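See structure below.
The values are calculated or read from the model by the stated rules, or taken from the named source; none is laboratory data. Since the structure is predicted, the reported quantities are computational estimates derived from the model, not experimental observations. Please note: Cβ atoms are built from the backbone with ideal geometry, for glycine as well, and neighbour counts cover all protein chains shown. When the accessible area is computed, the model is the full protein with side chains, heavy atoms only, and any ligands, DNA or RNA have been set aside. Shrake-Rupley method; radii C 1.70, N 1.55, O 1.52, S 1.80 Å.
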Amino acid sequence: MAEPAVKIPDAKVALSTASVYPESTATAFEIAARLGYDGVEVMVWTDPVSQDIEALRRLSDYHQIPVLAVHAPCLLITQRVWSTDPWTKLQRARAAAEKLDASTVVVHPPFRWQRQYARDFVAGIWRMANETDVRFAVENMYPWRYRDREMLAYAPDWDVTKDDYRHFTIDLSHTATARSDALDMVDRMGDRLGHVHLADGRGSAKDEHLVPGRGTQPCAEVLERLALTGFDGHVVIEVNTRRAMSSAEREADLAEALAFTRLHLASAAKVPRR
């Protein structure tokens, strides 16, 4: 009897440039190439290089590491990056993705105080998606908590499966913070799940972005389910390494995250004995 073979799914494993913070976007390309990631997701934020398409193209060419996704500047700290108008930010993210041959733009739902943007968001995302081959993958978020109080900071909802989007991003640190069932969310997203932010969490009120396997989220089970269902999107390691005591420790964390991801994407796809 032949030994069982392992079928590797088509999903590519990328490194979010946010995972090397406080080091630079350029450093993320270098680490991704050295560790053997399939590509990077560029988090567009205050680092000028993350906002510069030509600089990103040069980094990609130099390190021979493709840009697979662009994360639009949706964070509180990026309110003035690429304009203060949220639709302009998304248009520029789409243009960046098209020029860099990235397949996906990751976008958060609006903050509740962005009232006009929130009111038009679902229809607007569909309109933009119809104008390009780039996927707009809307990411699940979480309620903000302080002690026993909960504030709904996102609209139309932090649980993006309650609205009609063509593509979703699931973030497992966000499911931890929301204290929601990640596997159930994967099922609800179904074939509209186009992108994964892989991280872990323990259910803290803070968005922890731990290395997969260090929290309580079913990271392995999610990866195995993706492999079994033939997921062909991108799995992006988006972890917090700010507390790393050195560059070597940060790189070790990112190597561990990559090994965990590849192991569980492949382990569920074994071909049975004949």
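Here is how the numbers come out for the structure above:
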| read-out | value |
| --- | --- |
| Loop sites in the range 72-158: trypsin sites (Lys or Arg not before Pro), DSSP, at most 10 other Cβ within 10 Å | Arg80, Arg147 |
| Candidates Val134, Val196, Val40: whichever shows maximal mean-square fluctuation once the chain is modelled as a Gaussian network with Cα springs under 10 Å | Val134 |
| Three-way shape call for the chain based on the alpha-carbon gyration tensor, with the a/c threshold at 1.5 | rounded |
| Anisotropy class of the range 129-274 from Cα gyration tensor, a/c 1.5 cut | oblate |
| Candidates Leu35, Leu254, Leu15, ranked by Gaussian network fluctuation over the chain, Cα under 10 Å, top entry | Leu35 |
| Taking the chain and dividing mean pair separation by its residue count, relative contact order in percent (alpha carbons under 8 Å, at least six apart) | 21 |
| Pairs of alpha carbons in the range 133-183 whose separation is greater than 12 Å (percent) | 65 |
| Among Gln116, Gln217, Gln91: highest mean-square fluctuation, GNM of the chain, C-alpha pairs under 10 Å | Gln116 |
| Residues of the range 201-253: accessible area per residue with a 1.4 Å probe, Å² | 50 |
| Accessible area in square angstrom per residue, the range 77-144, 1.4 angstrom probe | 48 |
| Rg in Å to one decimal, and Dmax rounded to a whole Å, for the range 52-199 via C-alpha atoms | 15.6, 50 |
| For the range 13-114: Kirkwood Rh in Å [reciprocal of mean 1/r, alpha carbons] | 13.5 |
